[in-house]
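The values are calculated or read from the model by the stated rules, or taken from the named source; none is laboratory data. Every value quoted in this text rests on a predicted model; they were computed, and no experiment measured them. Glycine gets a Cβ as well: all are built from the backbone with ideal geometry, and neighbour counts include every protein chain shown. Ligands, DNA and RNA are excluded from the accessible area calculation, which covers all protein heavy atoms including side chains. Shrake-Rupley method; radii C 1.70, N 1.55, O 1.52, S 1.80 Å.
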Amino acid sequence: VLGTVQYTAHMPEVVSKVQRWLDDIANKKVGEPRAPFAIEGTIGAGKTHLLSDMERALLDGDGAKGTLVIRENLVNAGGGRLLLSTLFGANLKLGELSEEVLSSSGENLTQAVAKLPTASPLRAVLSGARPKAQTLALWLRGAALTRTQMQSVGGRSLDAEGERLRAVVHLLRLAANLGVLRVVVFLLDQLEDLERKAEITPLRRARFLT
């Protein structure tokens with residue numbers, strides 16, 4: 001899979017471990033747990049290039065269908081504004097996912113929605129007259145909605161980070177149950193910036209990592 005990597009000579013063990021991790025992701029079934037993988041190294045060791053090759057391998061491999069890869073540099077994301085729900089909203093293809101979920105067979109969608117937790121804000125929205133995909137995506141991002149759009153999602157906004165994140169996760173669960181999505185892979189660069197205490201409080205770091 002990583003045949004395009006040009007620096008295997010000085011990190012053969014790392015590339016071998018990455019290959020096994022990628023193979024494990026490709027062979028997993030929906031719902032099966034996938035262990036995280038961390039790459040450590042000094043500046044200039046090739047970590048970012050390796051992440052780029054991992055992203056390409058995931059999107060071009062045999063298991064590419066139903067695989068969504070989110071690659072983010074935490075420095076670019078802005079440590080002071082770092083919220084997992086923001087990364088989800090900005091990088092997940094919420095519009096496309098919403099469109100595919102809402103266009104699923106009515107009976108299949110109804111059954112999948114019924115499997116969501118009773119307190120799920122997404123279940124409440126999709127149990128009645130369903131909103132347009134674009135409106136659903138905006139709602140999940142916590143964006144401002146018109147009065148008509150707000151009415152179509154039950155008149156309730158997602159103000160808290162935890163609530164937005166939970167609603168997005170439930171959309172991903174729906175997509176998986178409907179066969180639209182198989183796996184979401186996060187590739188996070190500059191993860192060490194979470195330790196910059198001047199910008200990121202211990203509480204925010206803990207919330208991001210959990």
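A few remarks follow.
- When the P(r) of segment 98-159 is calculated, the portion above 17 Å amounts to 35% of the C-alpha pairs.
- Using 0.36 nm per residue and subtracting the Cα-Cα separation, the extra length available between Gln19 and Ala124 on full extension is 33.7 nm.
- Computed from backbone phi with θ = phi - 60° and the Karplus coefficients 6.51, -1.76 and 1.60, the 3J(HN,Hα) list for segment 159-166 is 8, 8, 4, x, 5, 4, 4, 5 Hz; x is used for glycine and proline.
- Cα centre as origin, Lys/Arg/Asp/Glu Cβ charges: segment 156-196 dipole, Debye: 420
- The calculated FRET efficiency for Glu55 paired with Val30, based on their beta-carbon distance and R0 = 25 Å, is about 0.75.
- Karplus-derived 3J(HN,Hα), 6.51/-1.76/1.60, for each residue of segment 46-55, Hz, glycine and proline x: x, 4, 5, 5, 5, 4, 4, 5, 5, 4
- Additional length obtainable on full extension of the chain from Asn108 to Arg156, 0.36 nm per residue less Cα span: 14.8 nm
- With all protein chains modelled, accessible area of Trp21 [1.4 Å, Å²]: 40
- A probe of 1.4 angstrom, applied to the heavy atoms of all protein chains, finds Phe37 with accessible area near 70 square angstrom.
- Charge tally for Arg71 (other residues, Cβ to Cβ under 12 Å; Lys, Arg +1; Asp, Glu -1): -3.
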